[in-house]
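Down below is the structure, laid out as structure tokens.
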Amino acid sequence: MDAYTQERLEEALSKAYNYESRAGWKAEGLSTSYIGTVERQERLYDLHVDTRGSYWYKVRIRTERGIVSEEEAIFGKKIKRYRKG
């Protein structure tokens, strides 16, 4: 894996889609690799690249309780996800 400079990470973030929307881009079955994190104020964007070269991000938030997922920061707890099927 190539080393990602902060500049390359910023560029990747500008092209990235939310990790949870991979199914809408028909990318949910592709493997991803973590490439680094971009920090903007209290938000941490964890960047991943898939086997097609597309970029995806997950958001974490720095709070008084520590670093938590974006969903936990908004709702105060993790939300259970149910799958159809």
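The values are calculated or read from the model by the stated rules, or taken from the named source; none is laboratory data. Note that the structure is a prediction, hence the values are computed from the model and not measured. A quick note on method: Cβ atoms are made from the backbone with ideal geometry, for glycine too, and the neighbour counts reach across all protein chains shown. Each accessible area value is taken on the protein alone, full model and side chains, heavy atoms only, with ligands, DNA and RNA left out. Shrake-Rupley method; radii C 1.70, N 1.55, O 1.52, S 1.80 Å.
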**Report entry** Residue that is surrounded by the fewest Cβ atoms within 10 Å (Cβ to Cβ), among those in region 6-18 that are over 12 Å from residue 49 (Cα atoms) and touching a residue at least 24 places away in the same chain (Cβ under 8 Å)
**Finding:** 6
Requested in this report: Any residue in region 32-48 that's under 15 Å from residue 21 (Cβ atoms) and β-branched (Val, Ile, Thr): show its pairings with residues that are open to solvent by less than 20 Å² (accessible area, probe 1.4 Å) and modelled with pLDDT of 95 or more at Cβ separation under 8 Å, as long as the two are six or more apart or on different chains.
Outcome: 32/50; 32/56
**Report entry** Test result for residue 79, among the aliphatic types (A, V, I, L, M), at pLDDT below 95 and assigned to a loop (DSSP other than H, G, I, E, B)
**Finding:** yes
Report task. Determine if region 44-59 includes at least one residue that is part of a loop (DSSP other than H, G, I, E, B) and under 26 Å from residue 77 (Cβ atoms). Result -> no
**Report entry** Hey, residue 7 in a helix (DSSP H, G or I) and among the acidic types (Asp, Glu) or not
**Finding:** yes
Report task. Please specify each residue of region 19-56 satisfying the condition of being under 17 Å from residue 5 (Cβ atoms), hydroxyl-bearing (Ser, Thr, Tyr) and open to solvent by less than 70 Å² (accessible area, probe 1.4 Å). Result -> 33, 37, 45, 55
Query raised in the report: On the given criteria, is residue 62 assigned to a loop (DSSP other than H, G, I, E, B) and exposed (fewer than 15 other Cβ atoms within 10 Å of the Cβ)?
Result: no
